[in-house]
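The structure appears below as C-alpha cells.
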Amino acid sequence: YGDFSEYAIMNPYWRAENIDGSIPYYAELGSNGERYTNPLYNSTLDSKNESGYLNFINNLYLEWQINPTLKAVSRIGIDLKKSTADEFYPSNHTMFDSYSTTDKDRKGSYQVNNGESSYLSADLNLQYSKSINKNFFFGNAGLTISESKYEEVSHLAEGFPSSRLDDIIFARDYALDSRPTGISGLSRDIGFLAVGSYSYDNRFLSDATFRTSASSQFGEDKQWSNFWSLGLGWNVHNEEFLNNSSFVEQFKLRASVGSTGNQNFNENQSIVTYGYYLDSQYQGFSGSYVQNAGNPGLQWETKLDYNAGF
C-alpha cells in the first residue's frame with residue numbers, strides 16, 4: 001500500500017475507486033492534461049518487499065572447582081547470521097509514471113541484498129572467594145578475546161516487462177548509472193580484567209576493577225587503553241541501631257567512580273584506504289584515490305563517571 005504520505009497529499013474529492021469497485025491508475029485527470037497517479041492502485045500489483053534471516057547463537061560454559069576457594073570458568077561463544085532482502089516493483093507501478101517513452105524499457109526494478117555476519121568470543125576467568133569470620137574476600141582475573149566480521153552485497157536491476165517475472169534474473173540490466181555495491185568489516189579485540197572486592201559483616205562494602213583492552217579499530221600507536229573503577233557501600237540497615245527498626249527494611253549508601261570507553265568508529269578509520277576509478281583507465285590501469293587518510297594515533301573514547309546514591 002505504499003507510504004501514508006502518498007495518500008495524505010491526495011485531494012479527498014479525487015476518486016480512489018471506480019463505480020464498479022476497480023481501482024484506477026489515475027485518481028484525477030486535470031483540465032490541462034495533468035495526471036495524478038492513484039497510490040491505491042499499487043496494492044493491486046504483485047510487488048514484493050521481503051526480508052529474512054537465519055541466526056545461530058550458542059554459548060558453551062565450562063567450570064572447574066579447583067578447590068573450595070578457587071574456581072576456573074571458561075566460555076566460548078558463536079553468533080552466526082545470514083540475511084536476505086528482496087524488493088520488487090513491476091513496470092506498471094506508479095513510481096515509473098514519469099519515465100519518458102525512451103525509458104519505457106527501464107520500467108520495473110528489483111533490489112537484492114545478501115549479507116552475513118559472525119561474532120566469535122571467548123572468556124577465561126579465575127575466581128577466588130573466601131570468608132573469614134565477618135570478612136568476605138572475592139577476586140577475579142580474566143582474559144577476553146573476540147572477532148566480529150560482516151559482509152553485505154546489494155544489486156539493483158531494472159527493466160521488468162511483466163509482474164509475473166518477479167525474479168532478478170529476468171532484469172534487462174543493472175539500474176542506470178549503478179553497479180553492485182557492498183560493505184564489509186572486520187575487527188578484533190583482546191582484554192585483561194582484574195576485579196577485587198571486600199566486605200565486612202555485610203555492612204561495609206568495597207570493590208575495585210582494572211581492565212586493559214586493545215582493539216584493531218584503533219591506530220597502531222594507540223590500540224591499548226586502561227579502564228578502572230572504585231566503589232564503596234554501607235548497609236546502614238545492618239547496623240545494630242537499626243536491627244529492630246519497624247520503619248527501615250533497607251537503607252544503603254553507595255558511591256563509585258570509574259572510567260569507561262567505547263569503540264564507535266569504523267573498522268578502517270585508523271588505516272589508509274583507497275577507492276578505484278572504475279569508469280576509466282590510464283594506459284590499461286585503473287586509477288585509485290584516497291578515501292580515508294588514516295590515523296595511527298586514533299584512540300579509545302574515554303569517559304569518567306561518578307555515581308552516588310542512597
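The values are calculated or read from the model by the stated rules, or taken from the named source; none is laboratory data. Nothing here was measured: the structure is a model prediction, and the numbers come from that model. As a convention, Cβ positions derive from the backbone with ideal geometry for all residues, glycine included, and neighbour counts pool all protein chains shown. Side chains are part of the model used for accessible areas, which takes the heavy atoms of the whole protein and leaves out ligands, DNA and RNA. Shrake-Rupley method; radii C 1.70, N 1.55, O 1.52, S 1.80 Å.
When the trypsin sites (Lys or Arg not before Pro) in region 88-153 are filtered for DSSP coil states and for at most 11 other beta-carbon atoms within 10 Å of their beta-carbon, the remaining sites are Lys134.
Rolling a 1.4 Å probe over the protein chains gives Phe170 an accessible area of about 100 Å². Under a model in which nothing but the beta-carbon of Lys, Arg (+1) and Asp, Glu (-1) is charged, region 8-84 shows a dipole of about 540 debye around its Cα centre. Have a look at Ile9, Leu143, Gln111 and report the one farthest towards the positive end of the charge dipole of region 1-149, computed about the Cα centre with Cβ charges (Lys/Arg +1, Asp/Glu -1). About the Cα centre, the residue reaching furthest to the positive side is Leu143. If only the Cβ of Lys and Arg carry +1 and only the Cβ of Asp and Glu carry -1, the dipole of region 204-295 around its Cα centre is close to 80 debye. P(r) for region 53-133, from all Cα pairs and a bin width of 5 Å, is 3, 11, 13, 8, 9, 7, 8, 7, 6, 5, 5, 4, 4, 4, 3, 2, 1, 0, 0 %, short bins first. All distinct Cα pairs of region 85-189 go into the 1/r average, and the inverse of that average, the Kirkwood radius, is 18.2 Å.
Of Thr144, Thr212, Thr273, the residue with the greatest mean-square motion in the GNM of the chain, using alpha carbon springs below 10 Å, is Thr273. With a cut-off of 10 Å between beta carbons, the residues surrounding Gly231 carry a summed charge of 0, where Lys and Arg count +1 and Asp and Glu -1. Stokes-Einstein, applied to the Kirkwood radius of region 157-310 over Cα pairs at a viscosity of 1.306 mPa s and 10 °C, places its translational diffusion at 73 µm² s⁻¹. With 30 Å as the limit on Cα-Cα distance, the pairs of Lys252/Lys303; Lys149/Lys222; Lys48/Lys81; Lys130/Lys252; Lys71/Lys134; Lys134/Lys303 that go past it are Lys134/Lys303.
When the Cα positions of Leu126, Gln217, Phe170 are compared along the charge dipole of the chain, Leu126 comes out farthest toward the positive end, with charges on each C-beta of Lys, Arg, Asp and Glu. Inverting the pair-averaged 1/r between distinct Cα atoms of region 217-298 gives 18.5 Å as its Kirkwood hydrodynamic radius. Note on region 1-89: Kirkwood radius taken over Cα pairs, Stokes-Einstein applied at 37 °C and 0.692 mPa s, translational D equal to 175 µm² s⁻¹. Rank Phe265, Phe138, Phe251 by mean-square fluctuation in a GNM of the chain with C-alpha springs under 10 angstrom and give only the top-ranked residue. Sorting by GNM fluctuation, first place goes to Phe251. Give the label of the value calculated from the structure for Cα Rg over 2.2 N^0.38 Å, choosing from (i) 1.12; (ii) 1.61; (iii) 0.97. Working out Cα Rg over 2.2 N^0.38 Å from the coordinates points to (ii).
Taking every C-alpha pair closer than 8 Å and separated by at least 6 residues, the mean separation divided by the residue count of region 158-231 gives a relative contact order of 22 percent. Heavy-atom accessible surface of Ile183, to the nearest 10 Å², is about 100 Å², with a 1.4 Å probe and all protein chains retained. If you find the alpha carbon centre of region 23-82 and of region 149-214, how far apart are they in angstrom? A separation of 13 Å, based on Cα centres. Net charge dipole, the chain: roughly 1220 debye, given to the nearest 20, about the Cα centre with Cβ charges of +1 for Lys and Arg and -1 for Asp and Glu.
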